[in-house]
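Accompanying notes for the structure given below.
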Amino acid sequence: MYVTVLFVISNFWSELYWSCVKIISFKDMKISEATLRSLEEMEYYFPSEIQEKALPLALEGYDVIGQAKSGSGKTAVFGITIVERLNLHSDEIQALVLSPTRELAIQVTKEIRRIGKYKGVEPVTIYGGQSIRIQQKRLKSRPRVIVCTPGRLLDFIRRGQIKLDAVSIVVIDEADKMLEIGFLEDVKYILRSIKRKKQVILLSATMPMEIIQLSKRYMINPRIIKVSEDELAVTHINQIAYKVPERDKFKALLDILRRNKGKKILIFTNTKVFGKKLADKLRRRKFRVAYLSGDLPQRRREATLAWFRLRGGKILVASDVAARGLDIVDVNIVVNYDFPRFDKLYVHRIGRTGRFGRSGLAISLVTQGDMRYFNRVYEKNKNMDVRRFPERRR
């Protein structure tokens with residue numbers, strides 16, 4: 001009798017709970033069957049928090065400001081919106097996505113192409129560092145969507161080779177990075193160049209005053225969705241710091257790599273010169289490693305990133321400048337071989353792992369000379385596991 005009563009009460013509360021909780025799927029939104037088919041192939045079934053809150057508003061045509069941390073799914077918000085709101089009977093440029101870096105622009109292009117697969121949406125990427133003739137040839141396909149870095153887009157506008165008369169959607173992706181790199185004035189010029197009424201979607205991990213002013217000037221009654229921002233405290237990534245003598249740093253790195261064979265590992269150095277030396281040193285130890293530098297020709301850079309994205313245990317060594325805009329979903333471990341000199345750099349670096357709900361691990365090697373920088377980060381991340389690497393035997 002007692003067991004029966006408990007079962008009835010438990011069942012009652014279970015039914016009450018699930019009647020109150022509504023699990024939203026993409027099928028519950030105003031999304032076409034063609035796009036839903038693409039999303040299912042991409043294994044996108046349930047929206048992330050930013051997607052659930054921002055996407056319905058964007059699909060209705062509202063101007064949207066979305067603030068969410070890196071890896072939260074912001075790209076799908078505007079990717080789905082663009083694919084759904086395009087006029088497929090017109091072959092004019094209707095949507096612009098402004099990206100701060102060429103790597104991010106390439107990633108976004110791939111994402112939109114996958115989302116628009118069954119609607120025949122073929123975006124074109126325009127960015128500096130690649131032959132302008134190659135991009136001129138791509139534009140002859142009369143794309144409806146262009147993903148671009150602001151500087152190269154301005155080149156085409158001034159040459160009269162890109163017309164913005166039919167643009168109805170403008171996306172400003174990673175707006176805070178646009179500000180960091182110095183693209184904000186270019187973005188303003190582009191927005192001023194579009195005379196017709198347009199929907200503006202602005203996405204950013206943080207919201208500095210310059211971005212707020214931009215939104216006030218160029219957006220109409222925007223809907224603001226604030227999920228979270230990149231903060232100095234990081235709770236979703238397992239963080240380990242090894243206090244190690246300078247002379248034992250490389251030995252500590254070898255130990256980390258050997259214990260994590262078969263995993264995809266991104267190693268950060270503070271300078272590109274030392275990064276190249278470190279990559280060469282690891283190759284001599286028979287590790288599968290590539291080096292990413294901002295000085296690499298674009299074709300070589302893209303080939304390096306393509307190699308790293310493929311499955312299998314691989315190691316990529318990069319400096320902060322080289323890794324700017326890098327978007328690789330399945331990085332297992334980030335190693336700070338050189339501890340970063342700025343707090344936010346630490347957050348940006350370790351944010352390359354643990355993306356889209358995956359587990360992630362960040363390991364930092366901390367020498368005596370790093371302690372003042374490390375202590376600032378540790379104050380905000382007391383959950384960090386601090387260990388001492390064994391001293392060298394004498």
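Once fully extended, how much extra length lies between Asn383 and Lys344, figured as 0.36 nm per residue of separation less the alpha-carbon to alpha-carbon distance? Please report the intermediate quantities before stating the final value.
On the way: separation 39, 0.36 × 39 = 14.04 nm, distance 1.74 nm.
Result for the pair: 12.3 nm of gain on full extension.
I need the per residue convex hull volume for segment 50-110, using only the alpha carbons, in cubic angstrom as a whole number.
Taking the convex hull of the Cα positions in segment 50-110, it is 102 Å³ per residue.
Could you tell me the relative contact order of the chain? Use alpha-carbon pairs under 8 Å, at least six residues apart, and round to a whole percent.
Reported as a whole number, the value is 17 percent.
Ratio of alpha-carbon Rg to the 2.2 N^0.38 Å globular estimate for segment 26-226, to two decimals, please. The partial results should precede the final answer.
Numbers: Rg = 15.6 Å, N = 201, 2.2 N^0.38 = 16.5 Å.
The value comes to 0.95.
Could I have the simple spin-label model distance between Ser90 and Lys261, label points 7 Å from Cα toward Cβ, reported in nm to one decimal?
5.9
Evaluate the charge dipole of the chain about its Cα centre and quote only its size in Debye, nearest 20, assuming +1 on the Cβ of each Lys and Arg and -1 on the Cβ of each Asp and Glu.
2020
Which pairs break 23 Å Cα to Cα here: Lys195/Lys216; Lys177/Lys197; Lys27/Lys216; Lys177/Lys277; Lys137/Lys177?
Those over the limit are Lys177/Lys197; Lys27/Lys216; Lys177/Lys277; Lys137/Lys177.
Run down the lysines and flag those whose C-alpha is under 24 Å from the C-alpha of Lys281, throwing out any fewer than 8 positions away in its chain.
Lys243, Lys249, Lys251, Lys261, Lys263, Lys264, Lys272, Lys314
Calculated FRET efficiency, Ile220 and Ala303, Cβ-Cβ r, R0 41 Å, to nearest 0.05?
Calculated value: 0.45.
Which number do you get for Rg(Cα) / (2.2 N^0.38 Å) in segment 238-388?
For segment 238-388, the normalised Cα radius of gyration is 0.98.
Could you check the simple spin-label distance between Lys140 and Leu254, using points 7 Å along Cα→Cβ, in nm with one decimal?
For Lys140 paired with Leu254, the spin-label model returns 5.5 nm.
What does the convex hull of the alpha-carbon atoms of the chain project to on average, in nm²?
Mean projected area for the chain: 25.0 nm², to one decimal.
Within the set of other residues whose C-beta is less than 11 Å from the C-beta of Leu296, count the net charge using Lys and Arg as +1 and Asp and Glu as -1. Can you show the working numbers first?
On the way: positive: Lys272, Lys276, Arg299, Arg300, Arg301; negative: Asp295, Glu302.
Result for the local shell: +3.
Can you give the FRET efficiency to the nearest 0.05 for Lys163 and Arg376, using r as the Cβ-Cβ distance and R₀ = 56 Å?
Efficiency computed from Cβ-Cβ geometry: 0.70.
Could you please rank Leu305, Leu104, Leu88, Leu96, placing first whichever residue has the fewest other Cβ atoms within 10 Å of its Cβ? Let's see the in-between values first.
Working: Leu305 18, Leu104 22, Leu88 12, Leu96 25.
Neighbour counts put them in this order, fewest first: Leu88, Leu305, Leu104, Leu96.
Taking the dipole about the Cα centre of the chain, with the C-beta of Lys and Arg at +1 and of Asp and Glu at -1, give me whichever of Ile93, Leu36, Pro123 is farthest to the positive side.
Pro123
Using just the helices of the chain, give the 222 nm mean residue ellipticity in deg cm²/dmol: DSSP H runs with n ≥ 4 each add -39,500 (n - 2.57), and the total is spread over all residues, rounded to 500.
For the chain, the value works out to -12500 deg cm²/dmol.
We did not get these values from a lab; they are worked out from the coordinates using the rules stated. The model shown is predicted, which means the values in this text are computed figures rather than measured ones. For neighbour counting, all protein chains shown are included, and Cβ atoms are generated from backbone atoms with ideal geometry for every residue, glycine included.
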